[in-house]
Amino acid sequence: MFKKILILSFLVSLGSLNLNAAVTVVGSSDALICYKHAKYGYTTQSSVFTCLKALSDNTISKKDHDATRINLGIIYNNKSKPRMALEQFEIAYNNESMRAETLLNQGNSLLLLKDYNGALEKYQASLENNLEDISAIYFNKGMAHEYLGNIEMAVDFYKKAVALNPDLIDYFENKRKRLKEAGLWNSDDERESS
């Protein structure tokens, strides 16, 4: 029973970290503020309002408009409203230049909805569409595999993410510690991480 509670608390703590792909917006508009709110993980209603205000601004470019849709979706994901996020991502999907970011974030929404296989499909599609930050794909694939109980595969993806982005080492070490406490960390993984 204790092991199940520990695993459940571990999985809940994982939900708080998805690597998103906020899309940069130029200028000093509400769209830029929306971008910053998405990038820094804001979840307030005023963040949503700022993004919606930017979307109603007819003077911003089509690219900034679509980027704002993605950033609003990220904020909805941060607010644990993945269905609302998916609506925004679906609209932005038609912009081919942002497709990789859209797919990554759709995967994050599916992860929140516990559709782990669907999330893995979106992450793979994001990789195939040349997402710039591949470490985000690998890290999030690791989370999906972990939720599916594929711990060894999850650890492999976490290691790939850290190799590409050493800033993720603290997240990886936290996961390693929690998996070890839950009795899910393979001793072979321990030797490899040393």
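The values are calculated or read from the model by the stated rules, or taken from the named source; none is laboratory data. None of these values were measured; they are calculated from a predicted model. All Cβ positions, glycine included, derive from the backbone under ideal geometry; neighbour counts span all protein chains shown. Accessible surface is based on the protein model in full, side chains and every heavy atom, while ligands, DNA and RNA are left aside. Shrake-Rupley method; radii C 1.70, N 1.55, O 1.52, S 1.80 Å.
Observations on the structure shown:
- Count - residues of the stretch 150-184 that are open to solvent by less than 50 Å² (accessible area, probe 1.4 Å) and outside any helix (DSSP H, G or I): 2
- Breaking point among (1) among the hydrophobic types (A, V, I, L, M, F, W, C); (2) over 19 Å from the mean Cα position of the chain (by Cα); (3) open to solvent by 30 Å² or more (accessible area, probe 1.4 Å), for Met84: (2)
- For the stretch 126-135, a residue qualifies if it is part of a helix (DSSP H, G or I) and either over 16 Å from Leu86 (Cβ atoms) or in contact with a Phe, Trp or Tyr (Cβ under 9 Å, 6 or more places away or on another chain) (or both), and the qualifying residues are Leu127, Glu128, Ile134, Ser135.
- Candidates Tyr138, Tyr76, Tyr123, Tyr42, filtered to the one that is in a loop (DSSP other than H, G, I, E, B), on the phi < 0 side of the Ramachandran plot and either modelled with pLDDT under 95 or open to solvent by less than 60 Å² (accessible area, probe 1.4 Å) (or both): Tyr42
- Across the stretch 87-104, the qualifying residues are those that are touching a Lys or Arg at 6+ places or on another chain (Cβ under 9 Å) and assigned to a loop (DSSP other than H, G, I, E, B), and the one among them that is least open to solvent (accessible area, probe 1.4 Å) is Asn95.
- Search result, residues across the stretch 45-65 that are open to solvent by less than 60 Å² (accessible area, probe 1.4 Å) and either in contact with a Cys (Cβ under 9 Å, 6 or more places away or on another chain) or within 15 Å of Tyr76 (Cβ to Cβ) (or both): Ser47, Val48, Thr50, Cys51, Ala54, Leu55
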